[in-house]
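**Q** To start, I am sharing the structure in question, which I have written as structure tokens.
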Amino acid sequence: EAQVTQNPRYLITVTGKKLTVTCSQNMNHEYMSWYRQDPGLGLRQIYYSMNVEVTDKGDVPEGYKVSRKEKRNFPLILESPSPNQTSLYFCASSLGGELFFGEGSRLTVL
Amino acid sequence: AQSVSQHNHHVILSEAASLELGCNYSYGGTVNLFWYVQYPGQHLQLLLKYFSGDPLVKGIKGFEAEFIKSKFSFNLRKPSVQWSDTAEYFCAVNARAGKSTFGDGTTLTVKP
């Protein structure tokens, strides 16, 4: 089954404790992206990757890092999380501009 | 920079009413346009898309959208909504490789 898988789905952490949200897709898509969803603000792009070893900043990259060492994986790293990063995060992969989303990861930073 | 504006933040309709959700974008060049739907507690799914050709596109579940280039619009329509259409709807633009921009979303509540 074609899918985008994110882990963890839910996480509560404390300020400053590094965390990684993993994302994996099995559709051989070259393009992958991370978004955060906040009430009233829609989806905002954090980072995206056009291919292996190629990453670019989206609209809200501050406080996040990504890496793309393999085609299928695109982890999102929060080196020192802060409460304003409490949000719902979606990973997506794309073929021809159409996005395929993961189930989402709800992160709470206390 | 590309941007997307959705006119209605919250729409409440009764079942069988007709639906039209507005979406305008700003970008001077060629665009790919999308509508995604997010049912409560779920991830976003594609409703329909426009790349080129017939400006009236049909999607899943009876939805359709019309691309009007002169108005920079891509409005979503459905002739008769159902309670199961209750969801949040997002318009999105992909105008260059890698950059997808979403509107703020419209929450649709359909009363049975």
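Nothing in this text is a laboratory measurement; each read-out follows from the coordinates by a stated rule. Because the structure is a prediction, the values reported are computed rather than measured. Positions of Cβ are generated from backbone atoms using ideal geometry, with glycine treated the same way; all protein chains shown enter the neighbour counts.
**Q** Take the residues in region B:91-112 that are in contact with an Asp or Glu (Cβ under 9 Å, 6 or more places away or on another chain) and away from every other protein chain (no Cβ under 14 Å), then tell me which one is surrounded by the most Cβ atoms within 10 Å (Cβ to Cβ).
**A** Once the filter is applied, the top-ranked residue is B:108.
**Q** Need a quick list: strands (runs of 3 or more DSSP E) entirely within region B:1-90 having at least 3 residues that are surrounded by fewer than 18 Cβ atoms within 10 Å (Cβ to Cβ), touching a Ser or Thr at 6+ places or on another chain (Cβ under 8 Å) and not acidic (Asp, Glu).
**A** Output list reads B:10-14.
**Q** Further question on the same structure: Do we find that residue A:99 is in contact with a Leu (Cβ under 8 Å, 6 or more places away or on another chain), more than 12 Å from chain B (Cβ to nearest Cβ), touching a residue at least 60 places away in the same chain (Cβ under 8 Å) and part of a strand (DSSP E or B) in this structure?
**A** Numbers: in contact with a Leu (Cβ under 8 Å, 6 or more places away or on another chain): yes; more than 12 Å from chain B (Cβ to nearest Cβ): no; touching a residue at least 60 places away in the same chain (Cβ under 8 Å): yes; part of a strand (DSSP E or B): yes.
Spelling it out, it is not the case that residue A:99 is in contact with a Leu (Cβ under 8 Å, 6 or more places away or on another chain), more than 12 Å from chain B (Cβ to nearest Cβ), touching a residue at least 60 places away in the same chain (Cβ under 8 Å) and part of a strand (DSSP E or B).
**Q** Exactly one of these conditions fails for residue A:33: (1) touching a residue at least 60 places away in the same chain (Cβ under 8 Å); (2) more than 10 Å from chain B (Cβ to nearest Cβ); (3) out of contact with any Lys or Arg (no Cβ under 8 Å at 6 or more places or on another chain). Give me its number.
**A** With respect to (1) touching a residue at least 60 places away in the same chain (Cβ under 8 Å); (2) more than 10 Å from chain B (Cβ to nearest Cβ); (3) out of contact with any Lys or Arg (no Cβ under 8 Å at 6 or more places or on another chain), residue A:33 is out only on (2).
**Q** Just checking, which of A:44, A:72 is buried (at least 16 other Cβ atoms within 10 Å of the Cβ) and within 14 Å of chain B (Cβ to nearest Cβ)?
**A** Result: A:44 is the single residue among A:44, A:72 that is buried (at least 16 other Cβ atoms within 10 Å of the Cβ) and within 14 Å of chain B (Cβ to nearest Cβ).
**Q** Right, another one. Restricting to region A:20-41, name every residue that is surrounded by fewer than 17 Cβ atoms within 10 Å (Cβ to Cβ) and not acidic (Asp, Glu). Full working, then the answer.
**A** To start, the set of residues in region A:20-41 that are surrounded by fewer than 17 Cβ atoms within 10 Å (Cβ to Cβ) comprises A:20, A:22, A:26-28, A:30, A:38-41.
If the condition is that a residue be surrounded by fewer than 17 Cβ atoms within 10 Å (Cβ to Cβ) and not acidic (Asp, Glu), then A:20, A:22, A:26, A:27, A:28, A:39, A:40, A:41 are the ones that fit.
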